[in-house]
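The values are calculated or read from the model by the stated rules, or taken from the named source; none is laboratory data. The structure presented is a predicted model; accordingly, all values stated were derived computationally and were not measured. FYI the Cβ positions are ideal-geometry reconstructions off the backbone, even for glycines, and counts take in every protein chain you see.
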Amino acid sequence: MAYFFKPGVIVNIVTVSSKGQLVIPKAVRQDARVTAGSRLEVRYVGGEIRLRPVPPLPGAALDQVAGCLARPGRKMLTDAQGMDFANALHLALSGSDDALMSFDKAFVRKAAKLNAKPQVLPA
């Protein structure tokens, strides 16, 4: 059974199984383009459990990533942008977030210099 509180917002009541599983109603799955095997981000914010589809990572050709890992005495390809592979990956995976927090002060400075989105804040 679905309830409509305002246009464009559908609220469904579902039951959680003993294993913590629930069924997302078909209309919601279709609208959100969630299919079998889709990955969902689960957040607990202000007493609400929120599910959000995780976009698939774009594929990369070998020549696009060749040399991106650090090797002694060799600069990383991503150094041109001022960030190492791990930091670039964290930033890419946080693209839908408002901000990313890091203990790495150099990463925070480099991201600010590049005006990276999302904003990288010191932890």
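Considering only the stretch 86-117, state which residues are surrounded by 16 or more Cβ atoms within 10 Å (Cβ to Cβ) and part of a helix (DSSP H, G or I).
Selection gives Asn87, Ala88, His90, Leu91, Phe107, Val108, Lys110, Ala111.
Please indicate, with yes or no, whether at least one residue in the stretch 59-67 is touching a helix residue (DSSP H, G or I) at 6+ places or on another chain (Cβ under 9 Å), within 26 Å of Ala116 (Cα to Cα), modelled with pLDDT under 85 and not in a helix (DSSP H, G or I).
For the stretch 59-67, residues touching a helix residue (DSSP H, G or I) at 6+ places or on another chain (Cβ under 9 Å), within 26 Å of Ala116 (Cα to Cα), modelled with pLDDT under 85 and not in a helix (DSSP H, G or I): present.
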